[in-house]
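These notes concern the structure reproduced below.
The values are calculated or read from the model by the stated rules, or taken from the named source; none is laboratory data. This structure is a prediction, so every number in the text was calculated from the model and none was measured. Cβ placement follows ideal geometry from the backbone for every residue including glycine, while neighbour counts extend to all protein chains displayed.
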Amino acid sequence: MSLGRLFGTNGVRGVINEFLTPQLVLDLGRAIGTVVDTGLIAVSRDSRMGGEMLTNALVSALISTGCSVIDIGPAPTPTLQFMVPKLDCVGGVVVTASHNPPNFNGLKVMGSNGIEVPRDIESQIEGIYFKREFNAADWKSIGSVRSYDTAMREYLDAIKSHIDVKKIRRRQLTVVVDGGNSVGSLATPILLRDLGCKVVSINSQLDGAFPGRDPEPTPENVSDLRRMVASINADLGVAHDGDADRATFVDETGRVLWGDQSFAIVASYVLSQKPDSTLVTPVSSGNLIEDVARQAGAKVDWTEVGSVVVSHRIEEIGAELGGEENGGVFFPAHLAARDGAMTVALIVDIMAKEEKQLSDLVSELPTYFSDKRKVPVPPEKKEALLDALLLLTKEHDRITLDGVKLILDDGWILMRPSGTEPLWRCFAEGKTQETAARLCKMGVELIQSAITKS
Ligand code: MG
């Protein structure tokens, strides 16, 4: 039985020096080192406040259990993920809170394949943490620490090996990069300069106070990037989240692409390169992705919502591509995890090969409209409601991996419980805004009728 939970959907997160104290990281690091037992662990961090403080606690803890540490310094999460198998590490830990608000920090824990560990390993770490059954190496077996300076170079060279560098160089694109004051600035501007692009950087100084913008690159948060792209007539703009595993794009007109649009552009190209390929994506992805995959002759493999689930499924079935509607792209030939810089490389590669601007690539995609609503649910009924909903929808074509997704002639409806609040969420998509609204209303009514029946 679990003694308590520390891990959420993407690692351990909390407010710096309130929940996420050096003491917590010290004990968590001892628990991680105990589970790993022995071997080399790669460590990195983003630019957040407390990053150095927490990394030092983490490194002390890991070597106290007898593991040794390779510290690659500040870097995007995917850089560390790429280096873990390359350096023959048994695991990796990143001190980051990804796109969370500036006062947060956290830890993401990777296995020997560089992918975040599955839930059963998290439970083992939590079990040792709460029981305080830490390994303590004898004095002759305390681990060592060394820094490793060439991780970024190796990571960027690997990205370039998957794209047509010559063709991109001939295109001479102008790109504005918004690193959001974090580690994306250490990778993407250098990558693009290597690709012959003229690069203009904003929010490029690493600063844990995040003076430029919020770490989440939502359309509302990237208005400076949009203005800059339009005012200097750049070909595109890109903004990363706090640990640069995601990329948000702006086309040459200053318009922000929805995450599923950039994902669909990549999917359309990558999947058409290889017959009978497979795309892994969560049930929250919409018709656009399904249409694009079908046009490319690929199969769609649905998963529960969450990037870690997508990564593990990609590895399990050997899929060619993965993606999420928030703009997370997984290109397993390079890394079976979300990777912001790899996504940028694929987008400029496609622009160069197709000889098109980003807005042209977007306009070629089918258009869908969506609607989302929340339905408050009494906490005691939040779980029980699912059975009633399954009964109510049993005549429909549906996917029941995570909540209930109804596949209808004119669109789809996804109904899922919120992970944190006493409510269910309803998403719907259709060919017109009216259809999306009507389907979403139908979903809300189904949830309400399931409440009365549960
Ligand atoms: Mg992230």
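Quick check: anything in the range 291-304 surrounded by fewer than 19 Cβ atoms within 10 Å (Cβ to Cβ) and closer than 29 Å to residue 44 by Cβ?
yes
Of all residues in the range 112-145, which are among the small types (Gly, Ala, Ser) and touching a residue at least 40 places away in the same chain (Cβ under 8 Å)?
Once the filter is applied, which keeps residues that are among the small types (Gly, Ala, Ser) and touching a residue at least 40 places away in the same chain (Cβ under 8 Å), the range 112-145 yields 114, 123, 127, 136, 137, 141, 143, 144.
Pairs only if they're at least six apart or on different chains, beta carbon under 8 angstrom, first in the range 73-93 and charged (D, E, K, R), second modelled with pLDDT of 95 or more and part of a helix (DSSP H, G or I); list them, first residue then second.
The qualifying pairs are 86/154.
Right, residue 264: among the hydrophobic types (A, V, I, L, M, F, W, C), touching a helix residue (DSSP H, G or I) at 6+ places or on another chain (Cβ under 6 Å), within 19 Å of residue 76 (Cβ to Cβ) and touching a residue at least 40 places away in the same chain (Cβ under 8 Å) or not?
No: the conditions fail for residue 264.
For the range 413-431, give me each residue that is in contact (Cβ under 8 Å) with a residue 60 or more places away in the chain and in contact with a strand residue (DSSP E or B) (Cβ under 6 Å, 6 or more places away or on another chain).
414, 416, 427, 429, 430
Select from the range 1-30 the residues that are farther than 22 Å from residue 134 by Cβ and among the polar types (S, T, N, Q) and write down the one among them that is farthest from the ligand (Cβ to nearest atom).
17
So, in the range 328-370, exactly how many residues are over 15 Å from residue 269 (Cβ atoms), surrounded by fewer than 20 Cβ atoms within 10 Å (Cβ to Cβ) and among the acidic types (Asp, Glu)?
Of the residues in the range 328-370, 0 are over 15 Å from residue 269 (Cβ atoms), surrounded by fewer than 20 Cβ atoms within 10 Å (Cβ to Cβ) and among the acidic types (Asp, Glu).
Given the condition outside the structural domain of residue 216 (by TED's automatic domain parsing) and modelled with pLDDT under 95, answer yes or no: does some residue in the range 67-85 qualify?
no
If you go through the range 55-88, how many residues are within 22 Å of the chain's Cα centre (by Cα) and either within 16 Å of the ligand (Cβ to nearest atom) or surrounded by 22 or more Cβ atoms within 10 Å (Cβ to Cβ) (or both)?
Going through the range 55-88 one residue at a time, the tally reaches 13.
Quick one: residue 245 ticks every box in (1) in a helix (DSSP H, G or I); (2) at pLDDT 95 or above except a single one, so which number is it?
(1)
Taking into account only those residues within the range 181-199 that are under 25 Å from the mean Cα position of the chain (by Cα) and farther than 17 Å from residue 343 by Cα, which is surrounded by the most Cβ atoms within 10 Å (Cβ to Cβ)?
182
Modelled with pLDDT of 95 or more, on the phi < 0 side of the Ramachandran plot and buried (at least 16 other Cβ atoms within 10 Å of the Cβ), is that true of residue 157?
Here the answer is no, as residue 157 does not meet what is asked.
Of the conditions (1) farther than 22 Å from residue 161 by Cβ; (2) more than 16 Å from the ligand (Cβ to nearest atom); (3) surrounded by fewer than 24 Cβ atoms within 10 Å (Cβ to Cβ), residue 269 clears all except one; give me its number.
Condition not satisfied by residue 269: (1).
Sort out which residues of the range 121-145 are within 14 Å of residue 10 (Cα to Cα) and of a type in the set (Asp, Glu), and write them in order of number.
Passing the criteria: only 122.
Filtering the range 213-227 down to residues that are touching a residue at least 12 places away in the same chain (Cβ under 8 Å) and surrounded by fewer than 20 Cβ atoms within 10 Å (Cβ to Cβ), which residue is nearest to residue 99 (Cα to Cα)?
216
Yes or no: residue 417 modelled with pLDDT under 95 and under 20 Å from residue 9 (Cβ atoms)?
Criteria met by residue 417.
Take residue 222 and tell me if it is within 16 Å of the ligand (Cβ to nearest atom), among the hydrophobic types (A, V, I, L, M, F, W, C), modelled with pLDDT of 95 or more and in a helix (DSSP H, G or I).
yes
Do we have any residue at all in the range 393-411 that's of a type in the set (A, V, I, L, M, F, W, C), at pLDDT 95 or above and farther than 30 Å from residue 169 by Cα?
Scanning the range 393-411, I find at least one residue that is of a type in the set (A, V, I, L, M, F, W, C), at pLDDT 95 or above and farther than 30 Å from residue 169 by Cα, so the answer is yes.
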